[in-house]
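To start, the structure under review is shown below, and the notes come after it.
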Amino acid sequence: MNNSLIVMGGGIIGLSCALELRRRGTVVTLLETGACGGQASGAAAGMLAPYSENPEAPDEFFMLCRESLELYPSWQRLVRGMSGMEFEYTECGSLYAAYHEADLLALESRLDWQRQHGSSGAILRGAELRSMEPGLSSEVKAALWTPEESHIYAPDFVAALREACLRSGVIIHDELGALELAAWEPRVEVRSRGGEVFAAEQVLVCTGAWAGELSDRLGLRIPVQPIRGQICAYTWAEEQTPLRHMVFGSQGYLVQKANGTLVCGASEDVAGFDTSVTERGIQRLLRWNKNMLPELGGKEPFHRWAGLRPATLDGRPLIGRLERAERVLFAAGHYRNGILLSPVTAKVAADCVEGRPLPGWQQAFRPDRFGAIAR
Ligand SMILES: Cc1cc2nc3c(=O)[nH]c(=O)nc-3n(C[C@H](O)[C@H](O)[C@H](O)COP(=O)(O)OP(=O)(O)OC[C@H]3O[C@@H](n4cnc5c(N)ncnc54)[C@H](O)[C@@H]3O)c2cc1C
């Protein structure tokens, strides 16, 4: 059992951490209650967009997102090579649209600090904007162009990660049903409802929106709650102008996928663990889409779905080891950016499993930062 680890959760975070740790020589067993990628990771639009997702300031969260974007080209190549599977990875850049002069001011100040942090972006207007993205509504006054941003086809990427894990020797048990962290001293034990016991030296909890379920068991506040994202996709006929960039606005986003579909997301609803799609949620998206891209007028999406983003109280993920239960580590709570953050999370979590200290700025993600539960 020396050098052994259980990863709980087979979403993109659990699979990425499992792969990285296996590559470093750890004996990894991944346990998943349902299907790998069956929750948020399989529902995501796959945007890798640290600049568009961080409008405020270059804080620790932005730094983590940006580092992850930088890791993506080599990480996705590695997964492609190890899995032997194909998936879309498109470096197309993004446009953040402004309808009013007042919105433009905010984009200008955003561009100001983002240029000091790796963006070679610019504000585009008029003919220049139309030539870059001909389908945009004439109501769009200007846009912040960020050429560094990209996207990936999340369901295929997650499937490739799973295959890469298997080929590198990660032991995967999925469809196990409910799983419980039964003990963590003197060794970690995870029990299935059927009575099966899995043991290892350490456990890495990657259970996404379900991470908060361990609060009572560990006596710690782990404030993670599910925020439902409803999302839809259109088929995009050959004669229609494909979008060349990801397009963001204050109400949503549009991403053109290589398979011809146009993905449009996403709502942010508090609905517990309910993943159903509501007419109201989708209609709000449709209204926004048509304002952004008039060609969508009169079209109906062919596919609608929803997933549960794991949101923490301060919007930052939980990555690291618990002080009070040192065989227990977390990599969860990635909210809107878990696809983007998967390579850097794998790297940081693997460093923690190996006992390396976190750099100072990454203390912001310590999983026990919310303190103990008052008894
Ligand atoms: C509509 C939508 C669009 C999104 N778009 C983007 C995007 O464009 N870019 C981006 O970066 N992010 C995006 N996200 C966010 C991203 O999907 C999540 O942050 C990410 O998938 C979280 O990954 P995860 O592995 O932590 O969680 P999940 O994928 O939810 O995986 C957690 C897994 O843990 C399992 N589990 C639960 N309890 C247990 C247990 N006790 N034991 C073992 N396993 C357990 C679950 O079954 C699940 O498979 C989007 C999310 C949604 C919903």
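The values are calculated or read from the model by the stated rules, or taken from the named source; none is laboratory data. Because the structure is predicted, anything quoted here is derived from the model rather than measured. Cβ coordinates were reconstructed from backbone atoms using ideal geometry, including for glycine residues, and neighbour counts include every protein chain displayed. Accessible surface areas use protein heavy atoms only, side chains included; no ligands, DNA or RNA. Shrake-Rupley method; radii C 1.70, N 1.55, O 1.52, S 1.80 Å.
What is the packing order of peptides 203-211, 86-94, taking the mean over residues of other C-beta atoms within 10 Å and listing the highest first?
203-211, 86-94
What FRET efficiency would be calculated for the residue pair Arg125, Ser250, taking the C-beta separation as r and a Förster radius of 22 Å, to the nearest 0.05? Could you put the intermediate results ahead of the total?
Working: r = 18 Å, r/R0 = 0.83.
With R0 = 22 Å, the Cβ-Cβ based efficiency is 0.75.
Enumerate the amide H contacts of Ala183 below 5 Å, restricted to partners 5 or more residues apart or on another chain; note that Pro and chain-start residues carry no placed amide H.
Glu189
Looking at region 1-69, which GluC sites (Glu not before Pro) are in a loop (DSSP not H, G, I, E or B) and have at most 14 other Cβ atoms within 10 Å? Before the final figure, lay out the partial values.
Details: sites: Glu20, Glu32, Glu53, Glu56, Glu60, Glu67; in loops: Glu32, Glu56.
Here the sparse-neighbourhood loop sites are Glu56.
Using only protein heavy atoms and a 1.4 Å probe, report how much of Tyr153 is accessible, in Å² to the nearest 10.
Roughly 60 Å² of Tyr153 is accessible to a 1.4 Å probe.
Got the relative contact order for the chain handy, in percent, Cα pairs under 8 Å and 6 or more residues apart? It would help to have the intermediate numbers written out before the result.
On the way: 830 pairs, mean separation 90.1, N = 375.
Answer for the chain is 24 percent.
Among Gly81, Gly265, Gly169, determine the one that fluctuates most according to a GNM of the chain built with springs between C-alpha atoms less than 10 Å apart.
Gly81
Do the sum for the chain: with -39,500 (n - 2.57) for every DSSP H run of n ≥ 4, divided by all residues, what is the mean residue ellipticity at 222 nm, to the nearest 500 deg cm²/dmol?
Numbers: 10 runs with 115 residues, N = 375.
Calculated at 222 nm, the ellipticity per residue is -9500 deg cm²/dmol.
If I take every Cα pair under 8 Å that is 6 or more residues apart in region 91-235, average their sequence separation and divide by the length, what percent do I get for the relative contact order? Before the final figure, lay out each step's value.
Details: 150 pairs, mean separation 25.6, N = 145.
This gives 18 percent for region 91-235.
I need the helices of the chain that pass two filters: whole DSSP H segments spanning 15 Å or more by Cα along the axis, and mean Kyte-Doolittle score no lower than 0.0. Intermediate results must be reported in sequence, preceding the final value.
Values: long enough: 12-23 (16 Å, 0.92); 60-83 (32 Å, -0.12); 101-115 (21 Å, -0.63); 154-168 (21 Å, 0.39); 279-292 (20 Å, -1.34); 338-353 (21 Å, 1.36).
Answer set is 12-23, 154-168, 338-353.
Could you check how much of the accessible area of region 116-256 is carbon and sulfur, as a whole percent, using a 1.4 Å probe?
On the way: 2720 of 5900 Å².
The C+S portion of the solvent-accessible surface of region 116-256 is 46 percent.
Let me check I've understood the local charge: for Glu189, count other residues with C-beta under 15 angstrom from its C-beta, Lys and Arg +1, Asp and Glu -1. What total comes out?
Details: positive: Arg187, Arg191, Arg193, Arg217, Arg327; negative: Glu180, Glu185, Glu196, Glu201.
Summing Lys/Arg as +1 and Asp/Glu as -1 gives +1.
What relative contact order, as a whole-number percentage, does region 252-335 give when Cα pairs under 8 Å and 6 or more residues apart are counted?
Working: 84 pairs, mean separation 17.3, N = 84.
Across region 252-335, relative contact order equals 21 percent.
Can you work out the FRET efficiency for the pair Met85 and Arg324, with r the C-beta to C-beta distance and R0 = 30 Å, to the nearest 0.05? List each step's numbers first, then the result.
Numbers: r = 40 Å, r/R0 = 1.34.
Step by step, r from the Cβ atoms, then E = 0.15.
Under a point spin-label approximation (7 Å from Cα along Cα-to-Cβ), what is the Ser138-Asp216 distance to one decimal in nm?
My value for the distance between the label points is 6.1 nm.
Starting from 0.36 nm per residue, how many nanometres of slack lie between Val277 and Glu300 once their C-alpha separation is accounted for? Intermediate values should be presented prior to the final figure.
Working: separation 23, 0.36 × 23 = 8.28 nm, distance 1.49 nm.
Between Val277 and Glu300, full extension yields an extra 6.8 nm.
If I model a spin label as a point 7 Å beyond the Cα along the Cα-Cβ vector, how far apart are those points for Glu189 and Cys92 in nm?
Each label point is offset 7 Å from its Cα along the Cβ direction, giving 5.1 nm.
Using a Cα distance threshold of under 23 Å, what count of lysine pairs results for the chain when pairs must be 8 or more residues apart or interchain? Could the numbers behind the result be given before it?
Numbers: Lys141/Lys290; Lys257/Lys290; Lys257/Lys299; Lys290/Lys299.
Close lysine pairs under the 23 Å cut-off: 4.
Express in whole angstrom the spacing between the alpha-carbon centres of region 15-74 and region 310-375.
One Cα centre to the other: 12 Å.
Given a Förster distance of 30 Å, report the FRET efficiency between Leu105 and Glu268 from their Cβ-Cβ distance, rounded to the nearest 0.05. Please report the intermediate quantities before stating the final value.
Working: r = 25 Å, r/R0 = 0.82.
The value I calculate is 0.75.
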